[in-house]
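The structure appears below as structure tokens.
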Amino acid sequence: MRPIKLVMSAFGSFGDLVKIDFRNLKNENIFMISGPTGAGKTTIFDAISFALYGEGSGENRKDAQSFRSDYAKEETKTFVNFEFEINHKLYKIIRYPKQKTNDSKYELYIENEQPLIKDKEIKLKIEEILGISKEQFKQIVMIPQGEFKRFLISDTKEKQEIFRKLFGTQLYLKIQEDFKEMNKQTKEEYKVNENNIKTLIKALNFSEQIDDIEIAIKNTEEFLQTLSNELIQRRGCKEELENELNILHKNKAITEKYNILILQLEDINQELEKLKTKSIKMHQLKNKIKILAVVKENLFTHNYIQNQLKEYKSKNEEKIQHENEKINLEKNIKINQELFQKYSMDIKNHDELKLKKKELENLIPKIAETEQLNKELEQLKQKLNDKNIDKLEIDKKIAKNKSQTIELKEIIEEFNSIEIKKIELENTKIQKSNSRDQLANLYKICNGYQKQLNEHEKLSKDYILKNIEYEKKKLEYETAEKLYYDEQAGILALTLQEGLPCIVCGSTIHPNPNIIKSDIKVPTKVELSVIKKEFENLQKENQDIKNKLIELNTSQKTTLEVILSSLDCIKEQDYNSQTLPKIIEIGQNLKLELIYIDKELLIITDKLLDKNTKIAKLEILEKNFSDLEIEKENIAQDLKNLEIEQAKIQKLQEERDILSNSKNNMFLSQLQEQVQIIDSRILNEQKLYEESNVNLINLKEKLVKRDTIIEEYNNQLTSLEVKINIENNNLLEKLKENQLSEDDFIKLLPEISNIEDLQSQLQEYDAHLTALNIKKQQFEEQIDNRVYIDLNIFEEKIQKATDKKNYLEKQINIIIRNENSKRTILAQIEQEHEKHIILRRQYELIKDVGDVANGQNAFYISYEAYVLGEYFDDIINAANIRLKQMSSNRFLLTRQLEKTKGRKQKGLDIAVFDKYTNSIRDAKTLSGGESFKASLSLALGLSDIIQAKSGGIRLDTMFIDEGFGTLDYDALGMAVETLIGLQTDGRLIGIISHVEELKEKIPIKLEVRPSNHGSTVRWNDLI
């Protein structure tokens, strides 16, 4: 990184806009920032650090909120704009810290790329661009006051913290921690295994306590052999009993077979005796079948006669019906003749009715008005009566409404206590549900954490194996590379001649040229390339596993922090093997509680459902009550109005003249009704006269037709009577021939349909008799004079043998279960014993390796410190190049490896070799000036190694804040000379100092001048 321009506004000591253009330096690469104390020199470093990383340069200058200048005007905004270049690519970053007028703002512009505006993205991008973190930046680019000597005299633990971030050796620390964890886990497994073995030996139930596993196994095997011998003996006894049972079952089956045959023969003999008693009945059955055959032959004739008789009867009934209808017609004709005469007389009286009608019509107008008054009066009376009834109904409704309202209000009051209980239950349910959700989330996280632990354990083992393979390949490659380059140096040494310059270093003196060793096999370039490729592949695989482990470890820690922060819900403080079961148990209990609450709420909700109905009903009742009161008032008003109207009509009626005769006393409606009756009578009588005339003519015509029909029926009946007599005589003669009377024939007619059944009975009897005789003969041959034997004799013997067999089977099963149980436990003991041996070896091996890796060795050097020692040696070698120059070849830094008192970690402590005294002493014994030179050399060496080990990162700038005041004039000159020497590779050096001698040695200055309006800056002595 090389700075181009720095712009500060209202920042620190600078109240206004300040610009520093580093391009003004042109070819000058070292400058000094000068000015009085408090002018704001260190503020320039703070602005660069804040622009890049969002923090100040020193430990006490990190807070970005404090950078707002006290000299700034209220409208002037605080910001930093920093432009720099890396590998010929331009970058510009602008940062606004949070202030009263606006929030934080961040912008990063990269040449030919999209700008970034998020703080997190910018910080990650800056680290990617520079290749170093903010901590590394303060160690090797911008070194604030007090950082030099602190790093020099820090102990191994502090340097580990610094180097771990610089060289990324977290993996080696992770290996140490993994070995600790593996040691702990293996020890726990070993203890669990020992307890399992003790539990299994106890489960064998020996009569005396046995602790030795070998004795337990031997005793168990002897006991199993005894059980096996006993099992063989009991199985033999069982086999003998099974043979005895088979013989008994066979004899029983044979006896049972003959017993069944004997019983079946007895059944056959009994059935034959029954059949013999039916022989007379069967003879009678044969005679009956013959008689029924005769009846069946004459059935057609009988049916023909019956059909003719039915037809005769039907026609005779029809004839009688027609005769009855003729009689009715004659009666109707007589009645209609009498009516016709009556209606003729009524027609003659119509003139008298018309006169009466005219008199009535003249009377109607006279009484119409009185009638109307009477009618209106009656209507009013009816209305008054109706209204009084309505009043009574309304009073009843109001009373009922009041009673229902009081009752409903009491019921609604009872609902309030139920609602309070519902609210309490709902709140409890919410709390329980939240707790259950929290538990479910915690269970999910714990389950994931357990999977992470398992994955981490497997990956750690893979990493250890892969790392061992990697270290072997690394050693192989480094050895091969050294051999190869030594040979190349030896080949080059063959061409060296005294007095002639070396083509590599240019020296003309060759005191110790390299010699090719013929007794060592040197790899070719191709072989070296192959080994290098294998080494790089293993290195990449190793790094991939390491990255996964780092990522997994970070995830584990984060997950564990989340778990620990959530364990309050199960009243635990630490995560252990019982955490998941306890979460499940508590979750199940909460589930049951929620189910109970839901049931209670359902019951309460069902009860409360009726509340709204009751409230609605109460509202309706209250509204109805109001409506009823209004209706009651309206009815009262209507009654009052009706009574007034009634009084008026009665008064008018009294004022009318009362008609003297009876006709005038008739009501108008009655008169009108009589007029209508007269009209209706005239019309009706005229109509009846005409209808009776037509009916009389029709009836006479029907009477003539009926006489003709009756004559025809008489002729048909005579013909049928002749046919029936002939057929009946023929049937009687045939019956007489078969000695069968007519009565017997009639009686047997219903049995004709049974002929086939009777014949089947007879055939079945004959067949059954024949079959029984055949069966009897067969059974007699099979039984061969054997007698019936009681089967209980066999049952008793079988039961005794079965009981013995069952007892043996139970004994055998007990022995087998005992044997299986002992064999299972024995197998588990042997398995645990094998595991015990393996775990003991693993535990001893991991403990030894883990102790060495974690510094529990003779030198108290951990694995990470050992690896970092390699880097530290490189840093010290690079630092000594500068320290030699600045100390006139007096001091050399060295790593202190000697064993010292105490068990504190060693390996990264610095000692100083003093050539004047030819002794090594602690770096803390150096004076102020000596410490500064050693610290500066160490910082420069660290800068060189960081660039060399960080993938070719080039740090073209270095800022140093104070420290030169401790040097004398000569030492100061040597220090400046060393720094000026850094310009040869293009590095820019900025120094803050008050030392006047330093001002003389560094002519280019950036002067910071304070004022009551804030500080200003300007370049001085620039050409």
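The values are calculated or read from the model by the stated rules, or taken from the named source; none is laboratory data. Values in this document were obtained by computation on a predicted structure and should not be read as measured data. With ideal geometry, Cβ positions are generated from the backbone for all residues, glycine too; neighbour counts draw on all protein chains shown. In case anyone asks, the SASA skips ligands and DNA or RNA and just uses the protein heavy atoms, side chains included. Shrake-Rupley method; radii C 1.70, N 1.55, O 1.52, S 1.80 Å.
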TODO: Please enumerate the residues belonging to region 66-119 that are closer than 25 Å to S1011 by Cα, of a type in the set (D, E, K, R) and either open to solvent by less than 80 Å² (accessible area, probe 1.4 Å) or part of a helix (DSSP H, G or I) (or both).
DONE: R68
Open item on the list: Which residue is farthest from L590 (Cα to Cα), if the candidates are limited to region 554-576 and must be among the charged types (D, E, K, R) and either open to solvent by 70 Å² or more (accessible area, probe 1.4 Å) or modelled with pLDDT of 80 or more (or both)?
Closed with: K557
Open item on the list: Pairs please, first residue from region 628-652 and under 16 Å from L384 (Cβ atoms) and surrounded by 16 or more Cβ atoms within 10 Å (Cβ to Cβ), second anywhere and of a type in the set (S, T, Y) and modelled with pLDDT under 80, Cβ atoms under 8 Å, 6+ apart in sequence or on different chains.
Closed with: none
Open item on the list: If I ask for residues that are under 17 Å from T708 (Cβ atoms) and open to solvent by 80 Å² or more (accessible area, probe 1.4 Å), which ones from region 329-340 would you list?
Closed with: E330
- [ ] With the condition kept exactly as written, say whether any residue in region 50-65 is open to solvent by less than 20 Å² (accessible area, probe 1.4 Å) and over 50 Å from the mean Cα position of the chain (by Cα).
- [x] yes
Open item on the list: Please go through region 113-143 and give me each residue that is among the small types (G, A, S) and within 15 Å of D944 (Cα to Cα), ordered by number.
Closed with: G131
- [ ] Identify the residue in region 226-255 that is open to solvent by 80 Å² or more (accessible area, probe 1.4 Å) and touching a helix residue (DSSP H, G or I) at 6+ places or on another chain (Cβ under 9 Å) and, among all such residues, is nearest to N818 (Cα to Cα).
- [x] R235
Open item on the list: Conditions first: (1) touching a residue at least 24 places away in the same chain (Cβ under 8 Å); (2) closer than 30 Å to E996 by Cα. N27 passes all but one, so which condition is the exception?
Closed with: (1)
TODO: Go through (1) open to solvent by 70 Å² or more (accessible area, probe 1.4 Å); (2) at pLDDT 75 or above one by one and return the number of the condition R890 breaks.
DONE: (1)
Open item on the list: Which count do you get for residues in region 577-596 that are farther than 14 Å from S435 by Cα and open to solvent by 70 Å² or more (accessible area, probe 1.4 Å)?
Closed with: 4
TODO: Considering every residue within region 728-750, establish whether at least one is basic (K, R), open to solvent by 50 Å² or more (accessible area, probe 1.4 Å) and in contact (Cβ under 8 Å) with a residue 24 or more places away in the chain.
DONE: yes
Task: Pairs where the first residue, in region 682-702, is more than 10 Å from F340 (Cβ to Cβ) and the second is open to solvent by 80 Å² or more (accessible area, probe 1.4 Å) and of a type in the set (D, E, K, R), C-beta under 9 Å, 6+ apart - done: I682/K354; L699/E330
Open item on the list: Among the listed residues I595, I563, identify the single one that is out of contact with any Gly (no Cβ under 8 Å at 6 or more places or on another chain), farther than 20 Å from Q431 by Cβ and in a helix (DSSP H, G or I).
Closed with: I563
Open item on the list: I want to confirm something. Restricting to region 204-225 and keeping residues that are surrounded by 12 or more Cβ atoms within 10 Å (Cβ to Cβ) and either over 54 Å from the mean Cα position of the chain (by Cα) or aromatic (F, W, Y) (or both), which single residue is modelled with the highest pLDDT?
Closed with: F223
Open item on the list: Residues that are surrounded by 14 or more Cβ atoms within 10 Å (Cβ to Cβ), within 30 Å of S555 (Cβ to Cβ) and under 24 Å from the mean Cα position of the chain (by Cα): does region 465-480 have at least one?
Closed with: no
- [ ] Please identify the pairs in which a residue from region 239-252 that is in contact (Cβ under 8 Å) with a residue 24 or more places away in the chain and closer than 12 Å to K805 by Cα has its Cβ atom under 6 Å from the Cβ atom of a residue that is open to solvent by 70 Å² or more (accessible area, probe 1.4 Å) and assigned to a helix (DSSP H, G or I), counting only partners at least 6 apart or on another chain.
- [x] L241/K804
- [ ] Kindly establish whether N183 is open to solvent by 10 Å² or more (accessible area, probe 1.4 Å), modelled with pLDDT of 70 or more, assigned to a helix (DSSP H, G or I) and within 30 Å of L826 (Cβ to Cβ).
- [x] no
Open item on the list: Being touching a residue at least 12 places away in the same chain (Cβ under 8 Å), within 30 Å of K776 (Cβ to Cβ) and open to solvent by 60 Å² or more (accessible area, probe 1.4 Å) is the filter here; which residues of region 272-312 pass it?
Closed with: K278, K286
Task: Qualifying positions in region 423-444 - touching a residue at least 24 places away in the same chain (Cβ under 8 Å) and either open to solvent by less than 60 Å² (accessible area, probe 1.4 Å) or hydrophobic (A, V, I, L, M, F, W, C) (or both) - done: L425, T428, K432, S433, S435, L439, A440, L442
- [ ] Could you look through region 908-953, keep only residues that are farther than 17 Å from T894 by Cβ and surrounded by fewer than 15 Cβ atoms within 10 Å (Cβ to Cβ), and pick out the one that is modelled with the highest pLDDT?
- [x] S927
- [ ] Look at I201 and say whether it is in contact (Cβ under 8 Å) with a residue 24 or more places away in the chain and buried (at least 16 other Cβ atoms within 10 Å of the Cβ).
- [x] yes
